[in-house]
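K.L.:
Can you keep this structure in mind? I'll have questions shortly.
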Amino acid sequence: DNRPNDGGRGGRGSGPQGGLPPLYGTDPDVDLDADADACITTSPSRPDGSGLTARAGADGNGGILQRLQPATPNDLDEHHHPLIVGGIHSGSADRPSQACGAAAPARARLVPLGACSPNSSTGGSNVTPAVAAVIAKQDALAAAARAWKADPGPRIFESLNAVENVEMARQQRESEDRRWLKFGGRVIETLLETACLVDARYLVALAKAGGVLPRCQELPPSARITLANVWQLRRWNYAYSLPVIVLSYPWLDRDHPDQRGELLRTIAPVLQTVVAAAGDGHCTVGVMIDWCSLPQLPCTDTDRLVFERGLSEMHFWYSHPFTHTLMVAQLPKGDHTNTRPYHERGWCFFEHRMASLIKNSELLWDMANWTEQTSYEHLRITMARGREPPSSPSRVEDEMRRRIAEGSLSFSYAADVEPVIAMYRRGFLNAFETFRKVRCIKEGMTTSIFYGNLGWGDKEARVLAETIRFVHEHCALVDGGIEITLPGNFICGDGRVQLEVHTRSHAHKNGMPGKPSNQQRLFVCGLREQNKLPKPKRGKSPSRGKANRQPDPTL
């Protein structure tokens, strides 16, 4: 230090004038940043006197680091350790120089500190390995600091880009989670506790290799989508749909639904198109196939329990409003033990009716409408199948029993009739009661079920009116309203009269004006505007310009 040395600024020990003893000189070639703190510490127990510590601070003498040298024998304590700990003058009497064992910041550049012989009064050259290692590290950090000062731009931009990428990834995950929950992904997670989905990529590869569907117990673990890897479905980027395809198809043989792989090769192009829409390799599509998703015979007692529970929840897969239901009604050519058509099979009848309840109108697909598709969006338009209106459980039960008696409907196992009827009733009530919960609609807000552009007439309107009455009598819709919208249909006769009873204007008779009552939570919205036939053109009176009551004869 070139300034006068006064007491109270040194470390431990004493010198002729107080503070740092004369043996400690300065090295004017070493500078630190004005805001840097740097320190270096070596073991104080080394016999060669290398136990020295230095500290530099922002309020020191311009950042000049002291060159430390070992003390004389008079300055050693009873353990032969140096009594003096050198440092930078703090510039104030209340802050003496300090010893610090913390690592130096990356911006500090420390002078090489050599360990000298005890009897030397000048800097020595016999540097110990410990000190040499610290010196090398500090020199590397100093070089990096100089490079940063020379051109900080690229590093700054790299840091900003890294922060921006992390933030974008976080926002994308939040968006995926919101979309997954908004469109009923939580229901899929619950169903995966008793069943598994099959990765569509595996099915496409299996079809190209000429394979056949394995039963559930033989499905490779890598082809399963369970709760452990359901995150692969969350990255789906299309609204009002989930990356789940539920297959509705007839079994061709009693012991195997597709022992020749014909069904697999039929649906493979559709699966490949949907997988391509999933995007990167981290997102995929899950396929629900009963043969591969539920345990099959022969099975253990545990597998049988899993099968029974999964079978009792089968209606959730088909009635979910945002899962894709793919109907494969056409039977392949060849000799098979069961050649009954699709619409004459009891389970296919049940699956079709369940999928017609509240599903998005673009997600009920018929394989008969398949053409060479180029995109998933095109697939949703061309594959969508016109469907029947939702039927009440009483109507479905009457139709099923009547058709079984006539022979136009049958089950492979006659004992399945009663469980299927009970399952439809349970699925019907659950579909309407949990529709708002599946959609994550807040209490008090209204959501809608869209039955648009289906070509319905008065016949379908009467069936729908019966369904609405059944919902009012048996379902507990207590957390908000559900609108039924019917644009693009041709409802204009007695069916329209029956539906008008359930419009919003009639729904509040026993409730608050403008809101449906607790008994009228399901109502038709905008029936007149959506299904009104075009008015005939009216002629005008040449004298007064009023509308003529007679229609234009040219129409």
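The values are calculated or read from the model by the stated rules, or taken from the named source; none is laboratory data. Computed from a predicted structure; not experimentally measured. Note that each Cβ is placed from the backbone with ideal geometry, even for glycine, and that neighbours are counted across all protein chains shown. Each accessible area value is taken on the protein alone, full model and side chains, heavy atoms only, with ligands, DNA and RNA left out. Shrake-Rupley method; radii C 1.70, N 1.55, O 1.52, S 1.80 Å.
K.L.:
Give 182/359; 182/459; 437/459 a once-over and call out the pairs whose C-alpha atoms are over 23 Å from each other.
P.N.:
182/459; 437/459
K.L.:
Efficiency by 1/(1 + (r/R0)^6): what FRET value for residue 182 and residue 339, r their Cβ-Cβ distance, R0 = 41 Å, to the nearest 0.05?
P.N.:
0.45
K.L.:
Find how much the distance from residue 446 to residue 388 grows on full extension, using 0.36 nm per residue of separation minus their present alpha carbon separation; answer in nm with one decimal.
P.N.:
The span from residue 446 to residue 388 would gain 18.4 nm if fully extended.
K.L.:
Using a Förster radius of 56 Å, what is the FRET efficiency between residue 303 and residue 501 based on their Cβ-Cβ separation? Nearest 0.05, please.
P.N.:
0.65
K.L.:
For a quick check of your reading of the filter: which GluC sites (Glu not before Pro) in the range 360-456 sit in a DSSP loop and have no more than 15 other Cβ atoms within 10 Å?
P.N.:
When the GluC sites (Glu not before Pro) of the range 360-456 are filtered for loop state and at most 15 Cβ neighbours within 10 Å, 372, 443 remain.
K.L.:
Is the C-alpha gyration tensor of the range 315-419 telling us rounded, prolate or oblate? Criteria: a/c under 1.5 is rounded; beyond that, a/b larger than b/c is prolate, otherwise oblate.
P.N.:
oblate
K.L.:
Just to verify a number: FRET efficiency for residue 168 and residue 459, C-beta to C-beta distance, R0 = 60 Å, to 0.05?
P.N.:
According to the calculation, E is roughly 0.70.
K.L.:
Can you tell me how the range 247-335 classifies by the Cα gyration tensor, rounded, prolate or oblate, using a/c under 1.5 as the rounded cut?
P.N.:
oblate
K.L.:
Something else now. Loop only per DSSP, at most 16 neighbouring Cβ atoms within 10 Å: give me the trypsin sites (Lys or Arg not before Pro) in the range 422-485, ordered by residue number.
P.N.:
Taking the range 422-485 and a limit of 16 other Cβ atoms within 10 Å, the loop trypsin sites (Lys or Arg not before Pro) found are 442.
K.L.:
Return one quarter of the surface area of the convex hull spanned by the alpha-carbon atoms of the range 254-404, equal to its mean projected area, in nm².
P.N.:
10.9
K.L.:
On to the next question. With a 1.4 Å probe and all protein chains in place, put 319, 175 in order of accessible area, largest first.
P.N.:
175, 319
K.L.:
Quick one: Karplus J couplings for the range 490-503, per residue in order, coefficients 6.51, -1.76, 1.60, θ = phi - 60°, nearest Hz, x for Gly and Pro?
P.N.:
For the range 490-503, the Karplus-derived couplings read 10, 9, 9, x, 5, x, 5, 4, 5, 6, 5, 4, 9, 6 Hz, x marking Gly and Pro.
K.L.:
Please work out the Cα center distance from the range 192-235 to the range 345-359, rounded to the nearest Å.
P.N.:
24
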